[in-house]
Amino acid sequence: MEQFFSDTGSVVHALACEEWAAVLLADTAAIVRRAEQIHGLSPLAAAALGRTLTMGTLMGVQLKDERERLGLDIRGEGPIGGIHVVAYPGGNVRGYVDCPEVELPLKPNGKLDVGGAIGEGTLTVTREREGRPPYQGKIALQTGEIAEDFAAYFAISQQQPSLVALGVSVSREAGVLAAGGVLIQPFPGCPDDVIERLEGLGPRLSRPGRLFAERSPMQVLEDLFPGDYRILATQNPCYACPCSKESMERALRLLGREELGRLIEEDGQAELTCHYCGRRYVFDEGALRALMQD
């Protein structure tokens with residue numbers, strides 16, 4: 001998969017609480033900054049897309065098959081429209097929002113109003129693998145704040161209780177300052193005292209954007225579970241888009257001969273732009289006629 005820049009995120013996968021819980025921690029500042037650069041995001045849009053990209057990274061690193069991918073789609077009635085993220089094995093992600101320049105007043109607590117930007121709607125997770133029908137889970141949004149919505153998705157669609165924390169620290173002047181997330185999932189049969197201990201972590205994870213501005217994922221892990229964890233893996237995902245001229249040709253073929261003919265008559269060419277990375281692909285009249293012959 002093509003990588004657009006050298007900076008990468010950082011993910012730590014571990015077992016904690018005497019190995020009764022799986023823990024994933026991700027520093028995604030570089031990923032969210034790249035999305036901000038590509039799409040020209042407002043602070044509010046950067047927070048909304050950044051949280052979803054972070055969740056995509058946390059879910060993507062759990063994919064075992066290189067042919068798999070996850071689609072995370074949040075569609076609400078608010079002014080941001082939809083949020084669209086694709087996650088790949090290893091945690092690489094790409095994404096965009098329908099309205100990247102959305103602005104709203106801050107909430108009374110001084111935080112960005114991500115829930116207000118999204119509004120009421122649905123969260124859909126689609127799991128795809130080559131050669132197999134896609135599997136899709138959909139729930140109604142709980143708050144629109146994204147972390148709570150994914151926690152509800154895990155509980156409702158996967159019957160998996162989960163502690164989810166997602167955050168982006170962003171300023172109007174400097175852009176994205178920090179971003180990160182935590183996903184903690186107890187295993188079946190987890191003792192009640194461990195469940196209580198995990199639930200008690202909630203207040204400490206209330207501002208994950210700031211948390212990862214001050215510490216690395218490894219340091220956060222030690223802070224949450226001092227001496228009571230075992231690291232399984234570390235990974236370095238990035239913002240990456242696998243679009244290509246061949247994939248755009250396939251999209252043009254789907255238009256059919258009549259629509260391709262109209263493009264030749266009216267414009268003499270076709271120009272397609274990838275929603276995820278902004279790359280432009282131009283097909284001149286000769287290329288369009290060749291597609292018509294195919």
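The values are calculated or read from the model by the stated rules, or taken from the named source; none is laboratory data. In this text, all values refer to a predicted model and were calculated from it rather than measured experimentally. For neighbour counting, all protein chains shown are included, and Cβ atoms are generated from backbone atoms with ideal geometry for every residue, glycine included. These area figures cover heavy atoms from the full protein model, side chains too; ligands, DNA and RNA do not enter into them. Shrake-Rupley method; radii C 1.70, N 1.55, O 1.52, S 1.80 Å.
Solvent-accessible area per residue in region 237-294 equals 60 Å², computed with a 1.4 angstrom probe and all protein chains kept.
Ratio of Rg to Rh for region 1-94, alpha carbon only, Kirkwood? When Rh is taken as the Kirkwood radius, the ratio is 1.00.
Quote the relative contact order of region 38-127 in percent (integer), defining contacts as alpha-carbon pairs under 8 Å separated by 6+ residues. It comes to 36 percent, rounded to a whole number.
Applied to region 226-237, the Karplus parametrisation 6.51 cos²θ - 1.76 cosθ + 1.60 on θ = phi - 60° returns per-residue 3J(HN,Hα) values of x, x, 10, 7, 9, 7, 9, 6, 10, 9, 10, x Hz, with x for Gly and Pro. For region 21-172, the equivalent ellipsoid derived from the Cα gyration tensor has semi-axes of 24, 17, 15 Å, listed largest first. Dividing the mean sequence gap of close Cα pairs (under 8 Å, 6+ apart) by how many residues region 124-262 holds gives a relative contact order of 14 percent.
How much length would be gained if the chain were fully extended between residue 129 and residue 174, taking 0.36 nm per residue of separation minus their Cα-Cα distance, in nm to one decimal? Walk me through the numbers on the way to the answer.
Details: separation 45, 0.36 × 45 = 16.20 nm, distance 3.90 nm.
Working it through step by step, the gained length comes to 12.3 nm.
How much accessible area per residue does region 1-115 have, in Å², with a 1.4 Å probe? Please report the intermediate quantities before stating the final value.
Values: 4260 Å² over 115 residues.
Heavy-atom accessible area per residue stands at 37 Å².
By the compact-protein rule of thumb, 2.2 N^0.38 Å, the alpha-carbon radius of gyration of region 168-233 corresponds to a ratio of 1.31.
Extending 7 Å from the Cα toward the beta-carbon at both residue 214 and residue 77 defines two label points whose distance is 3.9 nm.
The string of couplings for region 51-65 from the Karplus curve (6.51, -1.76, 1.60, θ = phi - 60°) is 4, 6, 4, 5, 5, x, 5, 5, 7, x, 5, 8, 6, 9, 9 Hz, one whole number per residue in order, with x for Gly and Pro.
Taking 59, 218 and ordering them by how much accessible surface each has at a 1.4 Å probe, largest first, produces 218, 59. Two decimals is fine: what is log10 I(q)/I(0) at q = 0.11, 0.14, 0.15 Å⁻¹ for region 172-294, from a Debye sum with one equal scatterer on every Cα and no solvent? For region 172-294 at q = 0.11, 0.14, 0.15 Å⁻¹, log10 I(q)/I(0) is -0.65, -0.75, -0.79. Between the residues 238, 293, 158, the greatest Cα displacement towards the positive end of the dipole of the chain, with unit charges on the Cβ of Lys, Arg, Asp and Glu, is found for 238.
Karplus-derived 3J(HN,Hα) values for region 273-278, using 6.51 cos²θ - 1.76 cosθ + 1.60 with θ = phi - 60°, are 10, 6, 4, 7, 10, x Hz; glycine and proline are entered as x. Here is how the number arises for the chain: DSSP H runs of 4 or more residues each give -39500 (n - 2.57), the sum is divided by the residue count, and the result at 222 nm is -9500 deg cm²/dmol.
Partner aspartates and glutamates whose Cα lies under 18 Å from the Cα of residue 245, excluding those fewer than 8 positions away in the same chain, are identified as 2, 271, 284, 285, 294.
Using Cα-Cα distances under 8 Å and only pairs 6 or more residues apart, what relative contact order does the chain have, in percent? Could the numbers behind the result be given before it?
Values: 637 pairs, mean separation 70.9, N = 294.
Normalised by residue count, the contact order of the chain is 24 percent.
In the chain the longest region clear of GluC sites (Glu not before Pro) that are loop-assigned by DSSP and have at most 15 other C-beta atoms within 10 Å covers 174-294. Based on alpha-carbon atoms, the Kirkwood radius and the radius of gyration of the chain give Rg/Rh equal to 1.02.
When the surface is traced with a 1.4 Å probe over the full set of protein chains, residue 111 keeps roughly 70 Å² accessible.
Simple spin-label estimate for residue 262 and residue 19 gives 6.2 nm between the two label positions (7 Å along the Cα-to-Cβ direction from each Cα). The label-point distance for residue 204 and residue 99, in a model that sets each label 7 Å from Cα toward Cβ, rounds to 3.9 nm. When the solvent-accessible area of region 89-200 is split by element, carbon and sulfur atoms take up 50 percent of it, the probe being 1.4 Å.
The Cα center of region 77-134 and the Cα center of region 141-163 differ in position by 14 Å.
Based on the Cβ-Cβ distance from residue 223 to residue 157, what FRET efficiency comes out when R0 is 35 Å, to the nearest 0.05? Provide the component values of the computation, followed by the final result.
Values: r = 30 Å, r/R0 = 0.87.
Rounded to the nearest 0.05, the efficiency is 0.70.
By the beta carbon rule, with partners counted only under 4.7 Å, the chain holds these lone Cys residues: 17, 99, 190, 238.
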